[in-house]
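First comes the structure, then the notes that go with it.
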Amino acid sequence: MVAREWSSMDTALHDLRNDLAVAIASLEAFIDGKLEPSAPNCQRVLDSLYEVSAKVSSLAPGLRAPASAGNEALLGAIVEGSPYAKILVDAQGRIALINAQTEKLFGYSRAELLGQTIDVLVPERFRRGHPALRDSFNESPIARPMGAGRDLYGRRKDGSEVPIEIGLNPIASETGSFTLAAISDITERKRAEELRLIHAGVQQHATALEELNRELASASRFKTQFVATMSHELRTPLTAIIGAAELLSTAKLGERERISVETISEAAEALFALIRSNLDFSKIEAGKVDLEKRIFEVQTVVEGAAEVVAQMAREKGTTLHAFVDPLIPRVEGDADRLKQILLNLLANAVKFTEGGRVVVRASPFRQSGSDIVLRFEVEDTGIGIPAEMLPQLFEPFSQVDRMAARNVGGTGLGLSISKSLAELLGGEIGVTSTPGAGSLFWFTAAFAIAEERARSDSGLEGAGGLIISGDDTFAQIVERYLTSWAMKTRRAVSGSDVADGLQTNDGPAWVAIVDLDDIGISDIGVTVDILRALHPSRVITIGTDGALRKPLRQSNLFDAVSRAISAETAVPARPTAVEPRAGVVGRVLVVEDNERLQQLLRLQFNDVGVPATFVSDGLQAVEAAEDGYDLIFMDCLMPNMDGLAATKAIRERERHTGGHVPIVAMTANAFAEDRDACMAAGMDDYLAKPVRLADIRRMTERWLHAAASQG
Ligand code: ADP
């Protein structure tokens, strides 16, 4: 080549570089979407490319072959820096140029691709249609995205496919027409799109599910409604059956008929119970329970519920206790629902407990402002529940042991109703249980505070309460009640405890609360009898044979204690020590048939300093009186010969022998006519039981002095 040619070539190359810069800039802008793909813009880009292309063709004949090295270098500059994979393809579909991104995207090296047909990058399943598409593009070569509306895939060297998007740009030059393909990997976008689709699908499913749920709910409402109606309709004929059976049972029946009628009654009652539970259950299910609002004493409700199952408990030999924390205020809420839960739990507890003990308790749980949450517990020492049964226990129709449940009766609805009711009352329900040891069912319920418990005067402040019971639970309950009335309490589980209790009790007012069911655990029985004989009005007996029944009601205890204290406060304090009086000497005979009372009286006479001789009935008394006593204390009601007859006999004898022994009647019959009867029989004085130390002292002083002064 000559020098002139080189220098003009230099200038041309310089020009070309400028043109090329412009062309690349506009091309990039176009491909990247920065330049709007409008017709004038396309034209401008194409024009600049034509220009470059024309210059290149005139510059180097070698450039005419698209696959030549020089050409590659030149056009490579256009495409190399692009973030996209770019491939220049000639009209026959041969690859003339690629950039680094192409190598990266398809996994081929430049050398492997150059000169190959573009088909190598097309998945096999699309290859057949490819030439036709190429031809159609070549026929009307305008810049456009390839395969509009279709998903496009590239084929990598390793055979895998990659979703791509392709922009096509025709490049026409004197050396022929080319297509510049800009390829972008849309894997990420596709994935995002798929996610969006999945999301939309899920949404659609959710909507469908919601719809289904609504339908199910209305079906379940229908079912509930149906059960409710059926149950209701069944009540009428059932009431008739129960009524008729009751009428029949009052008639004179043979054994066979009686058994049949009883069976009918029992079955009808069982059905009735089932229907009631069913109705409750469906009402709750249907959300048809309106909570009532009324002010009530929690105490009344809890103790009332306990009362309902008390007889059943008694029959099974089960001790039933109720405790309501005295701190619980009057509340406002639905007392009936509360009672219903308590009854369910209590009935279960008694049902599944033989002997042993059932305790129902209520205590404050949480308080905020004018609201209070109470916690209720029903604890038993019954058969317990296996751990694996606990989770489904509150589901409808769940019974631990169907056969066992059949024996004791039950529908398996009680606990699920209780759960719903507790939730309705703004609380929760739960259970802990140990098979063989017992269960503790608890629930909470929220109420409005109607009236804070005012610290009013109980009238019992400072009075002493001696609790005589071997049952810790019972003793604790009584203790809590007494201390809430500001009383001082003492617990006794033995005779010496009682004695201690009485000794240390220095106030004028005291009362002994005796748990009769527990008498006999030690020597306490005797002591209690003595106590009762001595201070009948101070002893409050509780138990099957007691003045008060179990479960003990707080208000009954209060009344009994108040009565005992007010009856006794008039009596002066127990004299502590009795000095033997000088001059009070003599032999005393005491006639008393009750052995325990004898023991007590012996102590009392010793205290007074007048040792006495004891006999147990009238006959012995008449006989003993012959020995010449100075004073006789005579019980009235006695076996063999009563006190009146004995007195008459003694007086009769005295008519012959002379002399007159003073006889003082000791009787539990405290009426005036009893007194008159004693006097008529020849007695000199009269003591009403219980006999107190002061009485003995008074009587011995009076009659022994009299005897001494006479003698
Ligand atoms: P049911 O009317 O059959 O008593 P519930 O729902 O009240 O129905 O009780 C379900 C089951 O839970 C009972 O059948 C019994 O197996 C068990 N269960 C409930 N309370 C007690 C308990 N205090 N001690 C032992 N098992 C209990």
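The values are calculated or read from the model by the stated rules, or taken from the named source; none is laboratory data. This structure is a prediction, so every number in the text was calculated from the model and none was measured. Cβ coordinates were reconstructed from backbone atoms using ideal geometry, including for glycine residues, and neighbour counts include every protein chain displayed. Side chains are part of the model used for accessible areas, which takes the heavy atoms of the whole protein and leaves out ligands, DNA and RNA. Shrake-Rupley method; radii C 1.70, N 1.55, O 1.52, S 1.80 Å.
Just to verify a result, which residue in region 346-367, among those that are in contact with a strand residue (DSSP E or B) (Cβ under 7 Å, 6 or more places away or on another chain) and either in a helix (DSSP H, G or I) or among the polar types (S, T, N, Q) (or both), is nearest to the ligand (Cβ to nearest atom)?
So, considering only residues that are in contact with a strand residue (DSSP E or B) (Cβ under 7 Å, 6 or more places away or on another chain) and either in a helix (DSSP H, G or I) or among the polar types (S, T, N, Q) (or both), the one nearest to the ligand (Cβ to nearest atom) is Ala349.
Working carefully through the options Leu338, Leu343, find the one that is part of a helix (DSSP H, G or I) and within 13 Å of the ligand (Cβ to nearest atom). Give the steps one after another, and end with the answer.
Details: Leu338 fails: within 13 Å of the ligand (Cβ to nearest atom).
Result: Leu343 is the single residue among Leu338, Leu343 that is part of a helix (DSSP H, G or I) and within 13 Å of the ligand (Cβ to nearest atom).
Among the residues of region 304-321, write down those that are within 16 Å of the ligand (Cβ to nearest atom) and not in a loop (DSSP other than H, G, I, E, B).
Within region 304-321, Ala305, Ala306, Val308, Val309, Met312, Ala313, Thr319, Leu320, His321 qualify.
What are the pairs with Cβ atoms under 9 angstrom where one residue, in region 380-392, is closer than 19 Å to Thr318 by Cα and more than 6 Å from the ligand (Cβ to nearest atom) and the other, located anywhere, is open to solvent by less than 30 Å² (accessible area, probe 1.4 Å) and assigned to a loop (DSSP other than H, G, I, E, B)? Sequence gap at least six, or different chains.
These pairs meet every condition: Thr381/Thr318; Thr381/Thr353; Thr381/Gly355.
Restricting attention to region 310-344, which residues are among the aliphatic types (A, V, I, L, M) and closer than 28 Å to Trp485 by Cα? Even if it seems obvious, please write down each step before you answer.
Residues of region 310-344 that are among the aliphatic types (A, V, I, L, M), as a first pass: 310, 312-313, 320, 322, 324, 327-328, 331, 335, 338, 341-343.
Within region 310-344, Ala310, Leu320, Ala322, Val324, Leu327, Ile328, Val331, Ala335, Leu338, Leu342 qualify.
Could you tell me which of the residues Glu297, Glu292 is more than 15 Å from the ligand (Cβ to nearest atom) and at pLDDT 90 or above?
Details: Glu292 fails: at pLDDT 90 or above.
Within the list Glu297, Glu292, the selection yields Glu297.
Conditions (1) within 16 Å of the ligand (Cβ to nearest atom); (2) at pLDDT 90 or above; (3) open to solvent by 30 Å² or more (accessible area, probe 1.4 Å), marked per residue:
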position: Ala404; (1), (2), (3): yes, no, yes
position: Gly412; (1), (2), (3): yes, no, no
position: Ser416; (1), (2), (3): yes, no, no
position: Leu421; (1), (2), (3): yes, yes, no
position: Pro435; (1), (2), (3): yes, yes, yes
position: Glu461; (1), (2), (3): no, no, yes
position: Gly465; (1), (2), (3): no, yes, no
position: Asp472; (1), (2), (3): no, yes, yes
position: Gln476; (1), (2), (3): no, yes, yes
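Those residues that are open to solvent by 90 Å² or more (accessible area, probe 1.4 Å) and not charged (D, E, K, R), I need them from region 242-264; list them, please.
Leu247, Thr250
Which number in (1) surrounded by fewer than 10 Cβ atoms within 10 Å (Cβ to Cβ); (2) touching a residue at least 12 places away in the same chain (Cβ under 8 Å) marks the one condition that Glu188 misses?
For Glu188, the failing item is (2).
Go through region 590-704 and tell me which helices (runs of 4 or more DSSP H), entirely inside it, have 2 or more residues that are under 23 Å from Ser537 (Cβ atoms) and open to solvent by 70 Å² or more (accessible area, probe 1.4 Å). Let's see the steps before the verdict.
Working: elements: 595-608, 618-625, 643-657, 672-681.
Where helices (runs of 4 or more DSSP H) fall fully within region 590-704 and carry at least 2 residues being under 23 Å from Ser537 (Cβ atoms) and open to solvent by 70 Å² or more (accessible area, probe 1.4 Å), they are 595-608, 672-681.
Is it the case that Val301 is under 29 Å from Leu482 (Cα atoms) and not acidic (Asp, Glu)? Spell out the reasoning first.
Values: under 29 Å from Leu482 (Cα atoms): yes; not acidic (Asp, Glu): yes.
Yes: the conditions hold for Val301.
Does Phe376 meet the test of being under 13 Å from Ile328 (Cβ atoms), in a strand (DSSP E or B), more than 16 Å from the ligand (Cβ to nearest atom) and touching a residue at least 60 places away in the same chain (Cβ under 8 Å)?
Values: under 13 Å from Ile328 (Cβ atoms): yes; in a strand (DSSP E or B): yes; more than 16 Å from the ligand (Cβ to nearest atom): no; touching a residue at least 60 places away in the same chain (Cβ under 8 Å): yes.
Against the criterion (under 13 Å from Ile328 (Cβ atoms), in a strand (DSSP E or B), more than 16 Å from the ligand (Cβ to nearest atom) and touching a residue at least 60 places away in the same chain (Cβ under 8 Å)), Phe376 does not qualify.
Quick check: anything in region 330-337 modelled with pLDDT of 90 or more and closer than 24 Å to Thr432 by Cβ?
First, pick out the residues of region 330-337 that are modelled with pLDDT of 90 or more: 330-335.
Now drop any that are not closer than 24 Å to Thr432 by Cβ, which leaves none.
No, because not a single residue in region 330-337 is modelled with pLDDT of 90 or more and closer than 24 Å to Thr432 by Cβ.
Which of the residues spanning region 118-171 are in a loop (DSSP other than H, G, I, E, B), touching a residue at least 40 places away in the same chain (Cβ under 8 Å) and closer than 20 Å to Tyr108 by Cα? Reasoning before the result, please.
Pass one, region 118-171, residues in a loop (DSSP other than H, G, I, E, B): 122-123, 128-129, 140-143, 146-151, 156-160.
This time we only want the ones that are touching a residue at least 40 places away in the same chain (Cβ under 8 Å), so: 142-143, 156-158.
Residues satisfying the conditions are Arg156, Lys157, Asp158.
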